[in-house]
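Colleague: My questions will all concern the structure given below.
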Amino acid sequence: MIELKSVSKQYGDTLVVDGVDLTLPKGGVTSIIGPNGAGKSTLLSMMSRLLPMSTGWIGIDGLDVTKTRGDVLARRLSILRQDNHMTARLTVRDLVAFGRYPYTKDRPTGEDKVHVDRALGFLDLQPLADRFLDELSGGQRQRAFVAMVLCQDTDYALFDEPLNNLDMRHAAGMMRLLRRAADHFNKTIVLVLHDINFASCYSDHIVAMKAGKVAFQGAPDAVMQASVLTEIFNTDMAIHEIAGRKIAVFY
Amino acid sequence: MPTRARRWHISWLLLAAATIPLLAVVSLFVGVSEVSLAALLSGQDGGRAAEVLMISRLPRTLALILAGSGMAVCGTIMQMLARNRFVEPSTAGTVESASLGILAVMLLAPGLPMFGKMLVAALFALAGTSLFLAILRRIPLRSVLLVPLVGIMLGGVISAITTFFAYRTDMLQSISAWTTGDFSGVLRGRYELLWIAAGLTLLAYFAAARFTVAGMGEAFATNVGLNYRRIVALGLLIVSMVTAAVVVTVGMVPFIGLIVPNVVSLALGDNLSKSLPWVAILGAGFVLVCDIAGRLILYPYEVPIGTVIGIVGSAFFLFLILRPNARVA
């Protein structure tokens with residue numbers, strides 16, 4: 001369970017996240033949606049202790065993220081941020097293998113190799129395993145980063161815009177993969193998503209943010225309502241049911 | 001890495017390592033004073049050859065190896081910490097700060113032994129390099145080339161301060177004698193501080209995986225549970241101490257920390273557990289070759305190694321900046 005208690009983040013006079021109280025249950029896929037500048041990424045960064053809070057408390061299974069040792073937390077929770085500017089020249093395999101760092105530090109074991117190969121397989125990266133990251137396309141690199149996080153094999157995995165740079169095939173494949181991680185491996189997946197239709201089709205729970213606050217949350221059916229989305233995004237939206245799924249049309 | 005590839009990699013590494021003793025032997029026997037195997041064995045010259053060997057040639061050769069590998073490893077560490085290909089002790093204000101430290105010692109505590117001098121120089125180097133990293137954190141850098149520019153400017157400011165005080169106190173000549181890289185003055189009893197540098201270089205190898213993770217950036221490092229600040233502090237400590245030891249004993253040896261790590265990175269990437277031994281070996285080999293060349297070009301006179309490396313290094317720096325995909329570096 002991820003618990004947030006009156007969490008705020010302030011830059012100067014600007015309140016980016018404004019007193020958020022939120023409880024995300026263990027298991028399943030939760031998507032955080034909302035317009036630009038709603039504070040989604042900031043919230044995710046604070047949950048994963050990459051960014052200090054101005055005020056508030058966040059706990060992962062009761063562990064205070066600001067006080068728990070980094071390596072203890074790294075075995076429970078992993079995070080992939082949106083902009084991953086990597087200057088170190090690593091091969092895909094090396095990068096993914098660093099996902100095992102919380103467990104074995106400097107001394108990789110045979111078991112690590114199994115995890116690495118499995119993560120590479122999940123993301124179709126085997127043919128690219130020995131390529132350097134700077135020799136890949138943006139989408140391939142994104143898949144390598146996701147593979148590293150999966151290789152970390154934590155109960156909680158947080159992704160900020162995991163569909164960045166991915167084409168339709170890989171975007172849908174990525175969402176199916178995360179769905180599978182939740183359904184078969186009991187992982188708790190938390191995503192920040194821009195595409196509300198992906199959120200609608202693959203989430204168990206949607207949290208909609210606006211102006212630093214949680215504006216609405218619930219099952220996809222409850223959130224995917226014309227009135228709710230129009231209000232959150234300040235844009236006229238129509239909801240259509242296509243093949244049993246609620247799709248927002250705003251084009 | 002598959003086992004076969006690893007075995008290949010280790011074979012090549014051993015082969016490369018084996019060239020260092022060869023170069024070292026060459027270095028032992030090149031110089032104005034005749035030292036030949038025959039003279040050493042027969043002892044005909046009353047042991048003079050042996051004396052030259054033990055007092056001058058051997059210390060010089062060891063100093064070359066230790067300083068070369070140490071500075072190359074420092075360059076790699078700094079490139080990981082600053083996350084920039086063009087950073088090394090002489091493009092980040094580290095060397096200049098160490099020199100300022102040496103001037104401070106010469107003015108304020110001239111009687112301090114070498115070890116004390118080194119510690120003061122290390123302290124200055126630590127302060128200067130931390131300042132550099134602090135500046136980097138403050139200003140949003142859009143271009144990778146801006147980072148070494150900031151470092152070179154910072155180094156320029158610090159070295160201007162050094163020059164000002166050295167000029168006022170009539171120390172210009174001695175400070176330039178101290179800081180120009182030159183191994184010709186290395187004698188027994190005057191290079192042993194470099195063994196400290198060697199110890200720290202070895203320590204860096206044991207922390208190689210951690211430096212690699214740090215090179216992936218603070219967010220990645222935090223995500224896998226690495227204490228980012230602590231590893232940056234360790235890196236700064238190693239870099240400052242090694243640089244100070246080198247500057248105090250042989251002076252400034254620029255560009256090694258730039259050339260060697262970049263060549264290794266292009267070939268093998270930045271997984272330091274794999275690449276750091278290469279950096280150390282190539283660093284030692286490169287410095288040995290440059291020093292031997294400096295001794296032979298104007299024989300019987302010597303060209304200081306700083307000059308030789310400076311020329312090769314600036315050419316290489318230009319190549320790095322101008323090569324087609326420098327932006328992704």
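Colleague: So which residues in region B:211-225 are within 15 Å of residue A:106 (Cα to Cα) and more than 7 Å from chain A (Cβ to nearest Cβ)?
Modeller: The answer is B:211, B:214, B:221.
Colleague: Does residue B:49 qualify as being crowded, with 18+ Cβ neighbours inside 10 Å, aliphatic (A, V, I, L, M) and in contact with an Asp or Glu (Cβ under 9 Å, 6 or more places away or on another chain)?
Modeller: For residue B:49, the condition - crowded, with 18+ Cβ neighbours inside 10 Å, aliphatic (A, V, I, L, M) and in contact with an Asp or Glu (Cβ under 9 Å, 6 or more places away or on another chain) - is met.
Colleague: Determine which member of the set A:31, A:8, A:54, A:48 is in contact (Cβ under 8 Å) with a residue 40 or more places away in the chain, within 13 Å of another protein chain (Cβ to nearest Cβ) and polar (S, T, N, Q).
Modeller: Checking each option against the conditions leaves just A:48.
Colleague: Being free of Cβ contacts under 8 Å to residues at least 12 places away in the same chain and either buried (at least 21 other Cβ atoms within 10 Å of the Cβ) or acidic (Asp, Glu) (or both) is true for just one of B:182, B:170. Which residue is that?
Modeller: B:170
Colleague: Related question: Return yes or no: is residue A:153 touching a residue at least 12 places away in the same chain (Cβ under 8 Å), surrounded by fewer than 21 Cβ atoms within 10 Å (Cβ to Cβ) and facing chain B (nearest Cβ under 10 Å)?
Modeller: Taking the combined requirement at face value, the residue does not satisfy it.
Colleague: Out of B:227, B:271, report the one residue that is of a type in the set (S, T, N, Q), closer than 30 Å to residue A:74 by Cβ and free of Cβ contacts under 8 Å to residues at least 24 places away in the same chain.
Modeller: B:227
Colleague: Kindly provide the set of residues from region A:33-87 that are within 13 Å of residue A:212 (Cβ to Cβ) and either β-branched (Val, Ile, Thr) or touching a Lys or Arg at 6+ places or on another chain (Cβ under 9 Å) (or both), ordered by number.
Modeller: A:34, A:35, A:38, A:39, A:41, A:42, A:43, A:46, A:53, A:54, A:55, A:56
Colleague: With respect to residue A:93, determine if the residue is within 12 Å of another protein chain (Cβ to nearest Cβ) and either touching a residue at least 60 places away in the same chain (Cβ under 8 Å) or farther than 27 Å from residue A:118 by Cα (or both).
Modeller: Judged against the criteria, residue A:93 is not a match.
Colleague: Let me ask something else about it. List the number of the failed condition for residue A:181; all other conditions in (1) surrounded by fewer than 21 Cβ atoms within 10 Å (Cβ to Cβ); (2) within 14 Å of chain B (Cβ to nearest Cβ); (3) among the small types (Gly, Ala, Ser) hold.
Modeller: For residue A:181, the failing item is (2).
Colleague: With A:18, A:94, A:117 as the choices, which residue is in a strand (DSSP E or B) and surrounded by 14 or more Cβ atoms within 10 Å (Cβ to Cβ)?
Modeller: Checking each option against the conditions leaves just A:18.
Colleague: I want to confirm something. Restricting to region B:160-175 and keeping residues that are closer than 19 Å to residue B:118 by Cβ and of a type outside the set (A, V, I, L, M), which single residue is modelled with the highest pLDDT?
Modeller: Residue satisfying both the conditions and the ranking: B:162.
Colleague: Scan (1) closer than 23 Å to residue A:1 by Cα; (2) surrounded by fewer than 22 Cβ atoms within 10 Å (Cβ to Cβ) for the single condition residue A:136 breaks and write down its number.
Modeller: If we test residue A:136 against (1) closer than 23 Å to residue A:1 by Cα; (2) surrounded by fewer than 22 Cβ atoms within 10 Å (Cβ to Cβ), just (1) comes out false.
Colleague: Is it true that residue A:108 is free of Cβ contacts under 8 Å to residues at least 12 places away in the same chain and either within 19 Å of residue A:157 (Cα to Cα) or outside the structural domain of residue A:175 (by TED's automatic domain parsing) (or both)?
Modeller: In short, yes.
Colleague: Do the conditions hold for residue A:79, that is, is it outside any loop (DSSP other than H, G, I, E, B), at pLDDT 95 or above and at the interface with another protein chain (Cβ under 9 Å from one of its Cβ atoms)?
Modeller: The answer is yes for residue A:79.
Colleague: Has region B:227-237 got at least one residue that is touching a Ser or Thr at 6+ places or on another chain (Cβ under 8 Å), more than 14 Å from chain A (Cβ to nearest Cβ) and surrounded by 20 or more Cβ atoms within 10 Å (Cβ to Cβ)?
Modeller: yes
The values are calculated or read from the model by the stated rules, or taken from the named source; none is laboratory data. Bear in mind that the values here come from a model prediction, so they are computed numbers and not experimental data. Quick reminder, even Gly has a Cβ in these numbers, built from the backbone with ideal geometry, and neighbours come from all protein chains shown.
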